[in-house]
Amino acid sequence: MALTDTAIRNCKPKEKPYKVTDSQGLYLLVNPGGSKLWRVRYRRNGVERKLAIGPYPQFTLAEARSARDEARRLLAHDIDPNAAKRQARIEASMRAENSFAKVAEELLAKREKEGVSPRTLEKYRWLIKLLGNEFGRRPITEISPAELLHEIRRHERRGRYETAKRLRSFASRVFRYAAATARADRDPAQLLIGALIQPRAKHFAAITDPVAFGGLLRAIEDYEGDPAVMHAVKLTPHVFQRPGELRHMEWAEINFEKKIWTLPAEKMKMRQPHAVPLSRQSLGILESMRGLTGKGKYVFPSVRTRARPISENTVAAALRRMGYTKEQMTAHGFRTSASSLLNECGKWNPDAIERALAHTVSGEIRRKYNQSAYWAERVEMAQWWSDYLDELRDGGNR
């Protein structure tokens with residue numbers, strides 16, 4: 001007699017396991033502990049076998065019968081249902097191993113061996129985290145353009161257009177790597193080009209008026225706080241490198257005798273090594289820090305632990321405490337200020353200024369030429385610039 005849900009619920013555990021049959025080989029195994037498990041009995045090549053379907057009520061009576069019917073269909077095609085179940089389990093495991101997150105981490109491990117900077121790898125891992133754990137567990141071959149778009153638009157709806165753009169670009173890198181390693185045959189992210197809101201070009205606020213810039217330098221001179229922050233803020237206008245490069249400055253990169261700060265390629269945005277001539281004023285700031293942090297790795301360590309540098313927004317936060325809003329001045333804006341004022345004075349070759357800013361130039365020959373030919377001019381320019389900053393701070397204006 002066929003089972004009903006009421007009959008199943010009324011099955012009580014006994015001292016020994018017992019079976020309650022349904023039809024066509026389907027039965028329910030009731031265990032002494034109270035668990036109820038669906039099984040299908042079938043014969044193949046004259047041998048009786050059993051197929052485990054799953055527990056009740058996770059698998060309803062209707063679902064158990066459907067699984068039984070599928071097993072009978074496989075048998076009709078000379079396929080062992082247990083063999084098919086094992087194969088499905090193996091394929092599911094392989095899909096899990098080829099999840100988006102797994103492939104992404106493998107790509108990151110490859111890029112790390114190729115010399116990508118730890119900061120870049122950190123940003124990539126941040127992007128993986130933004131896509132979410134559920135998305136990360138999805139088999140990479142099963143992710144559709146619509147699914148990826150849904151995940152990215154969660155950030156777009158919050159106005160994070162630049163983040164959404166980076167997520168699409170990063171996802172495209174992962175899909176292309178999966179295709180190159182024979183684990184995917186398409187890049188769904190490529191199809192999303194044009195679907196996202198384009199972020200407006202980001203311009204870093206900067207003070208380019210000499211008198212106003214002098215006022216900022218006086219505010220910096222009067223600024224009080226953690227010594228690492230104070231000295232980092234004071235050094236920033238003199239060397240005008242990117243905020244991330246300055247906060248990651250290491251003592252091993254400073255040569256006091258040659259008066260040079262040498263940044264390795266892996267720390268640079270354009271992946272080219274860069275040397276910064278240090279003026280007398282810059283060296284003085286660094287000498288003050290050497291007595292405080294010279295035995296550690298970083299010139300400007302975090303107040304919490306010397307194993308890490310000051311945080312990404314430290315200089316910007318100091319500017320806010322000085323009374324400058326993000327619409328008036330940014331940490332990155334010191335580069336714009338230096339570029340504008342150095343070009344306006346007319347004393348220096350524009351290519352020398354570009355090299356000082358670590359901007360790349362087109363052409364391998366021209367790039368190598370600029371790295372060497374303008375060094376003497378850059379050394380002179382670095383000292384002139386620091387002297388000029390002192391003059392502006394003291395109220396002068398050339």
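Net charge of the neighbourhood of ILE193, taken over other residues with C-beta under 13 Å away and scored Lys/Arg +1, Asp/Glu -1, is +1.
With everything on Cα atoms, drop me the angle between helix 100-113 and the longest principal axis of the chain, reported from 0 to 90° to the nearest 10. Approximately 40 degrees, to the nearest ten. Placing a label point 7 Å from the Cα of ARG321 along the Cα-to-Cβ direction, the residues of the range 233-252 whose backbone N falls under 16 Å of that point are 233-236. Taking label positions 7 Å along the Cα-Cβ direction at both THR262 and ASN349, the computed distance is 2.3 nm, reported to one decimal.
Available extension along the chain between ARG158 and ARG41 is 36.6 nm, counting 0.36 nm per residue and deducting the alpha carbon span.
Neighbour counting of Cβ atoms within 10 Å sorts the residues GLU312, GLU106, fewest neighbours leading, into GLU312, GLU106. Only helices enter this figure: runs of n ≥ 4 DSSP H residues, each worth -39500 (n - 2.57), summed and divided by the residues of the chain, yield -16000 deg cm²/dmol at 222 nm to the nearest 500. Compared with the dominant principal axis of the Cα atoms in the chain, helix 61-76 is inclined by about 80°. Straight-line cross-link partners of LYS259 among the lysines, defined as a Cα under 26 Å from its Cα and at least 8 positions apart when in the same chain: LYS234, LYS267, LYS269, LYS295, LYS297, LYS347, LYS368. Counting only Cβ charges, +1 for Lys and Arg and -1 for Asp and Glu, the dipole size of the chain around its Cα centre is about 2120 debye. What's the FRET efficiency of ARG137 with GLN272 using the Cβ-Cβ distance as r and R₀ = 35 Å, to the nearest 0.05? The value I calculate is 0.35. Indicate the gyration tensor shape class of the range 100-192 (rounded, prolate or oblate), computed on the Cα atoms with a ≥ b ≥ c the square roots of the eigenvalues: a/c under 1.5 is rounded; otherwise a/b larger than b/c is prolate and the rest oblate. Verdict is oblate for the range 100-192. Show the residues, 5+ positions off or on another chain, whose built amide H is closer than 5 Å to the amide H of SER99. Long-range HN contacts for SER99: ILE140. Here each label is just a point 7 Å from Cα along the line to Cβ, and for ASP226 and GLN58 those points are 4.9 nm apart.
Rule-based calculations on the coordinates, nothing more; no lab input. Nothing here was measured: the structure is a model prediction, and the numbers come from that model. Virtual Cβ from ideal backbone geometry, glycine too; neighbours counted across all protein chains shown.
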